[in-house]
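First comes the structure, then the notes that go with it.
Please treat every number below as a calculation from the coordinates, not as lab data. Remember, predicted model here, so these are calculated numbers, not experimental data.
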Amino acid sequence: MVDGVQYIGRFLIILGIVISAIGGILLLSGKIPWLGRLPGDIIIQRKNFSFYFPLATSILLSVILTFIFWLIRRR
């Protein structure tokens, strides 16, 4: 029973760190001018309609996060 409680405690600590990191990234994302405006991001604007799909930005973030998680798992 104690092992299960310790596992849940570690999980909650890691989850809190991950949520804090995501919050920090969201706060700093406005200060990175090129993020969200990369070539390959799809923008369609009409009179009463606007559609934005950050395709290139999503791919870039996916590659960066994959590399970071690969480094963490490698240890």
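To the nearest 10 degrees, how steep is helix 55-74 against the longest Cα principal axis of the chain, on a 0 to 90 scale? Taking the Cα atoms of the chain, the angle to 55-74 is about 20 degrees.
The angle separating the long axis of helix 2-28 from the principal Cα axis of greatest extent in the chain is about 20 degrees. Computing volume of the Cα convex hull per residue in Å³ directly from the structure and comparing it against [x] 137; [y] 82; [z] 179 singles out [x].
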